[in-house]
Every structure is written in structure tokens, then in C-alpha cells.
Amino acid sequence: MESIDRALASSCNDARRFFHGRGGIFPDWKHIAVDWYAPAVFLTLYEEKASSEQFINELDTWAKKDDRVTCLAVQRRYLVGSPVEVLWGDLPDRAHEADLQFVLSLDKNQNHGFFPDMQPGREWLRERSEGKRVLNLFSYTCALSVAAMAGGAESVVNLDLSSRALAVGRDNHRLNFDQAKCRRVTYLPHDLFKSWGRLKRLAPFDLVVLDPPSHQPGSFVAAKDYPRMLRRLGEILN
């Protein structure tokens, strides 16, 4: 709670990870993540533990003491469908980061369309994208693409199996850029290895973002497909 309190004290309206239990810094709390989607605090539980209800009660008491927090919600990822319970308030439908904004679906999907713990990756990419041709693999809702375009990328190609996720990605670009800039972004709802010929025709790329799922049967299984993917990148890199 002290860690979360310090995070809020130093926070603004930018989305951020308040407590990254998944990172293993606090071994007893690996099952917990606490995110800030101003003005909502969003708790994710990855396992069912006896201590969780006490933690929820403490978080509830703490959140009600700060006027900046107007919503508290809990997602239980260990249950079928990863249900979200809004304890009080209204969930926001946008996440903000720096001068950018992104579509949020906090109560509809297991993943919400935006990962606050990837902020350092988006910042890194934005700082290095000027004039670059970027390929964003396993792009999901294209937040990294938005960061690249904000950094002055010449173009971005987003590839993801989910056409629904890419549709949200289009919305994210429209939220942040004019039509001329949006036309420099491409969306490919394809399987990576079945679309390699298409990528070679669009190549070469200066930067490639790789953020695959660890285990997606029939599409990508990291143990065997990650090395396979790395071996082939030389064919499309500048």
C-alpha cells in the first residue's frame, strides 16, 4: 500500500502501472497488478488467494481518501471470462499517455486494449522512430504504432491475427493524427508465417517490434516459433 500511495502521489493523468507484482519484486504479491487509468484504479488478480479480499478492502479504504480517484474496479483473471467487478464509480473509455490517447475496454475483454507496463517500450520507440519504416508484429491494438508515428516514423505496418484488435488500432490512430498521417499506417489481419511473402514485398524495415503471445495454439508458440521468427528477420530488415 505504501508503494501504491507513492505512485499516486507522483502521478498525473497518464496511465501507469502503480504496482507490478507480476515483476517478482515482492514474491508474495506476484498475483496482483494495480493500474491507474485516471480517474480509475484497476486491480487485477491472477490467482485466488486468501489475502486478496483483505487487500481489496485496504485498497478501497485508501482510494476513497483521494479525490483524484473516482472509480475502483477488480478483474479476476483466474476465473473463466476474466470478469470485471466495478466496486464504485464509472470506468473511463480512454487511456492517456504523454500527449496521446488510446481506446480502453476495461469491462469487456481479458486484455483492455492498452498495457500501462509497456510505457518504457513506447517511450523508447517514440524516441527512435523519426524517419524510420517500422514493422509492428503481434500489434494488438497498435499502441506501439501510435508511439512510432508520434515520434515521426515514415510509415508503420501493423500485423495481428485479430481484425477486431486492428480495428481498435485504426481508432487509436484517428484519435491522435490527421488523415494524411493515418494513411501512412497499414493494417494486416494475417498469420505471420503465412504472410511472410507480403512482408517481404513491403520491406525493408528499419525497426521491428516483437511482442508475441507466449502460447497461442495454431498461430504462435514461443518455444518453437520465436527462434524461427528471429532467423527470418534478416530477410526484411534494412
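No value in this document is a laboratory result; all are computed from the given coordinates. Every value quoted in this text rests on a predicted model; they were computed, and no experiment measured them. Counting neighbours? That spans all protein chains shown, and the Cβs are built from the backbone with ideal geometry, glycine included.
Quick notes on this one:
- Other residues whose C-beta falls under 13 angstrom from the C-beta of Val168 contribute a net charge of +2, scoring Lys and Arg +1 and Asp and Glu -1.
- Length-normalised contact order for the chain - Cα pairs under 8 Å, 6+ apart - percent: 12
- If you wrap the Cα atoms of the chain in a convex hull and average its projected area over all directions, you get 13.6 nm².
- Whether the range 22-62 is rounded, prolate or oblate, judged on the alpha carbon gyration tensor where a/c under 1.5 counts as rounded: oblate
- Highest-fluctuation residue, Ser214, Ser163, Ser52 considered, GNM on the chain with Cα pairs under 10 Å: Ser214
- Checked against a 31 Å cut-off, the cross-linked pairs Lys181/Lys224; Lys30/Lys224; Lys65/Lys181; Lys30/Lys64; Lys30/Lys65 give Cα-Cα distances beyond that limit for Lys181/Lys224; Lys65/Lys181.
- Charge tally in the Cβ shell below 12 Å around Leu137, where Lys, Arg are +1 and Asp, Glu are -1, Leu137 excluded: -3
- Percentage relative contact order, the range 19-108, counting C-alpha pairs under 8 Å, at least six apart: 22
- Angle in degrees between helix 119-128 and the longest Cα principal axis of the chain, rounded to the nearest 10: 30
- In degrees, nearest ten, helix 163-176 long axis to first principal axis of the chain (Cα): 80
- Separation of alpha-carbon centers, the range 145-196 and the range 71-94, rounded to whole Å: 28
- Count Lys and Arg as plus one, Asp and Glu as minus one, and take only other residues whose Cβ is under 14 Å from that of Pro212; the net charge is then -1.
- DSSP beta bridges in the range 1-78 [antiparallel fraction, %, rounded to 5]: 60
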